[in-house]
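The values are calculated or read from the model by the stated rules, or taken from the named source; none is laboratory data. This one's a predicted model, so the numbers in the text were calculated from it and none came from an experiment. Every residue, glycine among them, receives a Cβ derived from its backbone with ideal geometry; neighbour counts consider all protein chains shown. Keep in mind that these areas ignore ligands, DNA and RNA; they rest on the heavy atoms of the full protein, side chains included. Shrake-Rupley method; radii C 1.70, N 1.55, O 1.52, S 1.80 Å.
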Amino acid sequence: MKRSLGRAVLVWLILGAAVWGAAYRWSLLESPRTLRVGEAGVIRYECAFETSAADYTIDFKPQSTDSYKAEVLTQRDRVTSGKRIQTFDVLITPQKAGEIDVRLSALVRHTTFASIENATIGRDNVKRYDFNDETAHLPPVRIRVGENTADLTGTLTLEASVDKTMVRAYEPLHLSLYVRGAGNLEKFIPYELNITGVKVFAEAPQKNLTPSREGFEGEIRQEFALVAEESFVIPPFELKVFDTAQRQMKTIKTSPVRVEVGEGYEPQTLLDPPDLSDTATLKRYALYVALVVLGVVLSEAVRRLWKLRPRRRGKPFWDEAKTSKELAMLLALSGEKRYDPLIAALEAGRVTLREAKNKLSTLQTPNEVSK
């Protein structure tokens, strides 16, 4: 296959990069010194190349251990002054107290010159690229992890609201509970609400969360429906939190809510019985009866008049006949024996076309099939 000058120059440039290589260096830009169990922290690594390193890729998948959970939060790649710089933010969440030693590694992949040349000149037998892989050990990080007995960790708020504070007996009351903020919200455990004399219906929590430097941020909403016969008090909800902003344990809680439950609906209270001793009431009911009777009479009158309405007859099948011969043929094709005398009279010329049609009009029945 004939090679073009442009492709040859491109291959030569790639060959130069492959021969001299692209040196790179990993460095640690940011890391937490202390964390609590369940508290997320960010470790920022940077890989700086000496060139634009277009033929290099980094496959970085941090592995979690029994001591911590690791995952890539963000990844940025830029070229500054002809040098490629790639930055990774790794989210570290300790799983137990003590000293943890975070030692991560990444796979640096370099595409070989032969593979690039084959793909560039378009050889048909090339099925895949070839790589030279090198494992890069990232700078180690030591973190001191403290105990944490809190339910959640982060900067969080707790709020409870009801749609009303006065209901009737057995009328449902809707209670909404909100946990908002940033932290290890994925560890939220749904509340169980128990109130004496109250039937509680609870829905599964609805989570609207996005990853953040503290783990997750967003909102968790849990809905309840409460049904009771007597007044009751919704006790305060409590949440033990390690506040990462103030670096201290605290308990956040909602205020108690008193719900007044009134008497329920009874059949005898839904409608007041009519006072038949009142003249105005009797006149009103008499008017109602008269209107009903009038409606029945009008309905029957309309039904009878509808039956007496004039009905338009369709044209009989023989009406379109233009000559006596045509009329005789149509009557014969009908197969009716009663038309035989009239057919004979038409064929003998004893009656005209008009006389025959007039006579047929007297013979037609209401159920006569017509066109």
(message) Restricting to segment 181-197, give me the number of residues that are within 18 Å of L152 (Cβ to Cβ), open to solvent by less than 30 Å² (accessible area, probe 1.4 Å) and in contact with a Phe, Trp or Tyr (Cβ under 6 Å, 6 or more places away or on another chain).
(response) 1
(message) Looking at segment 140-158, I want the residues that are under 11 Å from K96 (Cα atoms) and have a partner that is aromatic (F, W, Y) and crowded, with 23+ Cβ neighbours inside 10 Å with Cβ atoms under 6 Å, at least 6 apart or on another chain. Which pairs are those?
(response) N148/F242
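Hey, which of the strands (runs of 3 or more DSSP E) in segment 45-103, taking only ones fully inside, have at least 2 residues that are over 17 Å from L35 (Cα atoms) and among the polar types (S, T, N, Q)? Full working, then the answer.
On the way: elements: 56-59, 68-80, 83-94, 98-102.
Per the criteria, 68-80, 83-94.
Select from segment 15-31 the residues that are assigned to a loop (DSSP other than H, G, I, E, B), surrounded by fewer than 17 Cβ atoms within 10 Å (Cβ to Cβ) and either modelled with pLDDT of 95 or more or hydrophobic (A, V, I, L, M, F, W, C) (or both) and list them in ascending order. Step through it out loud before you land on a result.
Taking segment 15-31 and keeping what is assigned to a loop (DSSP other than H, G, I, E, B), we get 21-23, 31.
If we keep only those that are surrounded by fewer than 17 Cβ atoms within 10 Å (Cβ to Cβ) too, we end up with 21, 23.
Residue satisfying the conditions is A23 alone.
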(message) If I343 satisfies all but one of (1) open to solvent by 40 Å² or more (accessible area, probe 1.4 Å); (2) assigned to a helix (DSSP H, G or I); (3) at pLDDT 80 or above, what's the number of the condition it fails?
(response) (1)
(request) Can you work out which of the residues in segment 276-294 that are surrounded by 10 or more Cβ atoms within 10 Å (Cβ to Cβ) and of a type in the set (G, A, S) is modelled with the highest pLDDT? (result) A290
(request) Could you grab me the full set of residues in segment 165-197 that are under 10 Å from A225 (Cα atoms), assigned to a strand (DSSP E or B) and not polar (S, T, N, Q)? (result) L173, H174, L175
(message) Take the residues in segment 259-272 that are out of contact with any Ser or Thr (no Cβ under 6 Å at 6 or more places or on another chain) and surrounded by 10 or more Cβ atoms within 10 Å (Cβ to Cβ); name whichever of them is modelled with the lowest pLDDT.
(response) Y265
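Taking the conditions exactly as written (open to solvent by 30 Å² or more (accessible area, probe 1.4 Å) and among the polar types (S, T, N, Q)), does Q86 satisfy them or not?
On the way: open to solvent by 30 Å² or more (accessible area, probe 1.4 Å): no; among the polar types (S, T, N, Q): yes.
No, not satisfied.
Taking the condition open to solvent by less than 70 Å² (accessible area, probe 1.4 Å), under 30 Å from V42 (Cβ atoms) and touching a helix residue (DSSP H, G or I) at 6+ places or on another chain (Cβ under 9 Å), does L209 pass? Write out each step before concluding.
Values: open to solvent by less than 70 Å² (accessible area, probe 1.4 Å): yes; under 30 Å from V42 (Cβ atoms): yes; touching a helix residue (DSSP H, G or I) at 6+ places or on another chain (Cβ under 9 Å): yes.
Taking the combined requirement at face value, the residue satisfies it.
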(message) Name the residue that is nearest to A169 (Cα to Cα), counting only residues in segment 207-236 that are part of a strand (DSSP E or B) and charged (D, E, K, R).
(response) E223
(message) Could you check segment 59-83 and list, in sequence order, the residues that are within 36 Å of the chain's Cα centre (by Cα), open to solvent by 20 Å² or more (accessible area, probe 1.4 Å) and aliphatic (A, V, I, L, M)?
(response) V72, L73
(request) Sort out which residues of segment 347-371 are at pLDDT 65 or above, touching a Lys or Arg at 6+ places or on another chain (Cβ under 8 Å) and not in a helix (DSSP H, G or I), and write them in order of number. (result) V351
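When you scan segment 56-64, do you find a residue that is polar (S, T, N, Q) and free of Cβ contacts under 8 Å to residues at least 24 places away in the same chain, even just one? Even if it seems obvious, please write down each step before you answer.
Here is the first cut: in segment 56-64, the residues polar (S, T, N, Q) are 57, 63-64.
Next cut, free of Cβ contacts under 8 Å to residues at least 24 places away in the same chain only: 64.
Within segment 56-64, one or more residues are polar (S, T, N, Q) and free of Cβ contacts under 8 Å to residues at least 24 places away in the same chain.
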